[in-house]
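Comments concern the structure below.
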Amino acid sequence: MTIALIDDQVLGRVLRGDVPKVLRRRELATTGYWYVRLCQAVLGAMDRPGVLSRPFADLPEEMRDRALSAVLELPGQIGLTSLRELAPHIGRLRQRHALNVLGLEALAAATRLEAEVFLSV
């Protein structure tokens, strides 16, 4: 099965129960930094919603509680590659690519997992 590496916005959509059709037959994974960004936005900005947190704030209460629980404890079927595995690869990639840490982690994870990357627009 093909692995799909999903960014923070796509991850939020999946955790709200809205899995895009193109991802339904794929294993899902995300990066630590994308997961952290989603957690910070959703758990820290519910009073002033932004791009990542507004879709959670707009959910009916029962669905929001379920989605927030999924943010607090990432479901087991969504892979999350450890920085223990990625750090050496990130270090090597840094020598060849002028990317920020978010980009380097995504590139390292995609390479390590042999995954296709799905970014939100």
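Enumerate the pairs (first residue in the range 54-83 and over 8 Å from Arg16 (Cα atoms); second residue anywhere and basic (Lys, Arg) and surrounded by 14 or more Cβ atoms within 10 Å (Cβ to Cβ)) with beta-carbon separation below 7 Å, excluding pairs fewer than 6 apart on the same chain, so at least 6 apart or on different chains.
Pro55/Arg16; Leu59/Arg16; Thr81/Arg112
Would you call Arg16 in contact with a Leu (Cβ under 9 Å, 6 or more places away or on another chain), of a type in the set (Lys, Arg) and modelled with pLDDT of 95 or more?
yes
Of Arg37, Arg64, Arg25, which residue is open to solvent by 20 Å² or more (accessible area, probe 1.4 Å), over 13 Å from the mean Cα position of the chain (by Cα) and under 22 Å from Ala109 (Cβ atoms)?
Numbers: Arg37 fails: over 13 Å from the mean Cα position of the chain (by Cα); Arg64 fails: under 22 Å from Ala109 (Cβ atoms).
Going through Arg37, Arg64, Arg25 in turn, just one is open to solvent by 20 Å² or more (accessible area, probe 1.4 Å), over 13 Å from the mean Cα position of the chain (by Cα) and under 22 Å from Ala109 (Cβ atoms): Arg25.
Would you confirm, using the coordinates I've provided, whether Thr31 is among the β-branched types (Val, Ile, Thr), at pLDDT below 95 and at negative phi?
For Thr31, the condition - among the β-branched types (Val, Ile, Thr), at pLDDT below 95 and at negative phi - is not met.
What pairs come out if I take residues in the range 107-121 that are open to solvent by 70 Å² or more (accessible area, probe 1.4 Å) and pair them with residues that are part of a loop (DSSP other than H, G, I, E, B) whose C-beta lies under 7 Å away, six or more apart or interchain?
Between residues of the range 107-121 that are open to solvent by 70 Å² or more (accessible area, probe 1.4 Å) and residues that are part of a loop (DSSP other than H, G, I, E, B), the close pairs are Arg112/Thr81; Glu116/Thr2; Leu119/Asp7.
The values are calculated or read from the model by the stated rules, or taken from the named source; none is laboratory data. Owing to the predicted nature of the structure, the values given are computational and were not obtained by experimental measurement. Glycine gets a Cβ as well: all are built from the backbone with ideal geometry, and neighbour counts include every protein chain shown. Note: accessible area is taken over every heavy atom of the protein model, side chains too, but ligands, DNA and RNA are not part of it. Shrake-Rupley method; radii C 1.70, N 1.55, O 1.52, S 1.80 Å.
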